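S.K.: My questions all concern the structure below.
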Amino acid sequence: MFGGIFLTIAQGVGLTLYVTFASLVIGGIIGLVFAAGVRSRFRVVRGVASFYINMVRVIPPLTWLFLIYFGLPQYALRLTTIQAAIVGFSIIASAFMAEIYRSGLLSIPAGQREAAHALGFKPLATVQHIITPQAFRVALPAIATYAIGLLKDSALASTIGVHDITYYAQQTAKQTHQSLLAFTTAGVLYIVISLVIAVVSRRVDFAMRSRIGVA
């Protein structure tokens, strides 16, 4: 019985990973824009970026999913369950990633820019070759932690019909009446995926530290 339940629930691993990492990548790209906005010289830009980040972070993820999946069709914009999940989680991820980027940038001493300028680096080259690699290395643990959190939040996508791990666990529990076994199996799968993310992030962090000579 366990083998059948495991194989059924494991069908949702692919969509769980797809929704999680698609949202992380899209949100990460959008987050760069708002991280730059928060550090802008213009007060209006800083205000808009800060408002967006704070507004997105205080609204529960489930509310975002319902607003997008059930609300947008009223304005002739109908998305599939997967599209709605990715859009919703990307919006959420963009706000959190913007804060992670900002923290990473703040960790870089101002002297780094001054030294680069003294050595004749152009502003773009300074950001590309000096600031960004260091900021990313500092932010990597936080990004990995958020990725694991986003993985767990992705279980909410089952509420709008995404066939992820939690969705199959719910269906299996209804069909077999083995709720404890079904949701324990789902929990184990989430733990395994989280551990893989943690291990990969540590290896990337170690490789980056070795490359720039940091212990």
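S.K.: When the residues of segment 1-21 are filtered to those that are under 19 Å from the mean Cα position of the chain (by Cα) and closer than 15 Å to Gln170 by Cα, which remaining residue is surrounded by the most Cβ atoms within 10 Å (Cβ to Cβ)?
M.R.: Taking segment 1-21 as the starting set, the residues that turn out to be under 19 Å from the mean Cα position of the chain (by Cα) are 12-21.
From the residues that got through so far, the ones that are closer than 15 Å to Gln170 by Cα too are 12-13, 16.
Numbers: Gly12: 23, Val13: 16, Thr16: 25.
Restricting to residues being under 19 Å from the mean Cα position of the chain (by Cα) and closer than 15 Å to Gln170 by Cα, the top hit is Thr16.
S.K.: What residue, among those in segment 1-52 that are small (Gly, Ala, Ser) and touching a Ser or Thr at 6+ places or on another chain (Cβ under 6 Å), is farthest from His163 (Cα to Cα)?
M.R.: Taking segment 1-52 and keeping what is small (Gly, Ala, Ser), we get 3-4, 10, 12, 14, 22-23, 27-28, 31, 35-37, 40, 47, 49-50.
Checking which are touching a Ser or Thr at 6+ places or on another chain (Cβ under 6 Å) leaves us with 23, 27, 31.
Numbers: Ser23: 16, Gly27: 22, Gly31: 27 Å.
Restricting to residues being small (Gly, Ala, Ser) and touching a Ser or Thr at 6+ places or on another chain (Cβ under 6 Å), the top hit is Gly31.
S.K.: Report every pair of residues separated by at least 6 positions or lying on different chains whose Cβ atoms are under 9 Å apart, first residue within segment 44-67 and closer than 15 Å to Phe96 by Cβ, second modelled with pLDDT under 95 and among the basic types (Lys, Arg).
M.R.: Note: pairs meeting the criteria are Ala49/Arg39; Ile53/Arg102.
Here is a yes/no grid of residues against (1) in contact with a Phe, Trp or Tyr (Cβ under 6 Å, 6 or more places away or on another chain); (2) of a type outside the set (D, E, K, R); (3) within 20 Å of Thr159 (Cα to Cα):
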position: Leu17; (1), (2), (3): no, yes, yes
position: Thr20; (1), (2), (3): no, yes, yes
position: Ser23; (1), (2), (3): yes, yes, yes
position: Ile26; (1), (2), (3): no, yes, no
position: Ala36; (1), (2), (3): no, yes, no
position: Arg46; (1), (2), (3): no, no, no
position: Ala49; (1), (2), (3): yes, yes, no
position: Thr63; (1), (2), (3): no, yes, yes
position: Phe66; (1), (2), (3): no, yes, yes
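S.K.: Out of segment 160-176, which residues are more than 14 Å from Tyr18 (Cβ to Cβ) and either among the basic types (Lys, Arg) or more than 19 Å from the chain's Cα centre (by Cα) (or both)?
M.R.: Across segment 160-176, the qualifying residues are Ile160, Gly161, Tyr168, Ala169, Gln170, Gln171, Thr172, Ala173, Lys174, Gln175, Thr176.
S.K.: Against the condition more than 24 Å from Ser90 (Cβ to Cβ) and at pLDDT below 95, how does Ser210 come out, does it pass?
M.R.: On the way: more than 24 Å from Ser90 (Cβ to Cβ): yes; at pLDDT below 95: yes.
Judged against the criteria, Ser210 is a match.
Residue-by-condition table, conditions (1) touching a His at 6+ places or on another chain (Cβ under 6 Å); (2) surrounded by 16 or more Cβ atoms within 10 Å (Cβ to Cβ); (3) more than 22 Å from Ser90 (Cα to Cα):
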| site | (1), (2), (3) |
| --- | --- |
| Leu156 | no, yes, no |
| Ala182 | no, yes, yes |
| Leu189 | no, yes, yes |
| Phe206 | no, no, yes |
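S.K.: Out of the residues in segment 23-59 that are among the basic types (Lys, Arg) and surrounded by 13 or more Cβ atoms within 10 Å (Cβ to Cβ), which is nearest to Leu106 (Cα to Cα)? Let's see the steps before the verdict.
M.R.: So in segment 23-59, the residues among the basic types (Lys, Arg) come out as 39, 41, 43, 46, 57.
Now drop any that are not surrounded by 13 or more Cβ atoms within 10 Å (Cβ to Cβ), which leaves 39, 46.
Numbers: Arg39: 10, Arg46: 16 Å.
It comes out as Arg39.
The values are calculated or read from the model by the stated rules, or taken from the named source; none is laboratory data. Just so you know, these numbers come straight off a predicted model, no measurement behind them. Note that each Cβ is placed from the backbone with ideal geometry, even for glycine, and that neighbours are counted across all protein chains shown.
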